[in-house]
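K.L.:
Sharing a structure with you now.
The values are calculated or read from the model by the stated rules, or taken from the named source; none is laboratory data. All of these numbers come straight from a predicted model, not from anything done at the bench. Positions of Cβ are generated from backbone atoms using ideal geometry, with glycine treated the same way; all protein chains shown enter the neighbour counts.
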Amino acid sequence: MTQTFQIEVENIKCGGCENSIVKGINSVAQVTDLSIDRDKQMVSFSGEAAIKQTVIDKLRSMGYPEKGSVAGLEAGITNAKSFVSCALGRMT
């Protein structure tokens, strides 16, 4: 059964970040209605319940962790990853 999900994330700064997120999520999961709200730091999509964790894991690996899920050194590392993902997103 298809459901709609909203995941509040960290580190979305620009269109490059948005491009990377779209490309990354589409590479690991069958989602529909994917949208990103930069101001609210929100990623929304529809899909099967089983893919939600896959999407959360992919976002985290790219430097866009679910809000409040990382702290300290790990937060610094995910922030650095987001800069790399953002740069790649601007080049595509």
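K.L.:
Take region 70-83 and flag every residue that is farther than 14 Å from residue 12 by Cβ and either modelled with pLDDT of 90 or more or assigned to a helix (DSSP H, G or I) (or both).
P.N.:
72, 73, 74, 75, 76, 77, 80
K.L.:
If I filter region 14-25 for residues that are surrounded by fewer than 13 Cβ atoms within 10 Å (Cβ to Cβ), in contact (Cβ under 8 Å) with a residue 12 or more places away in the chain and part of a loop (DSSP other than H, G, I, E, B), do I get at least one hit?
P.N.:
yes
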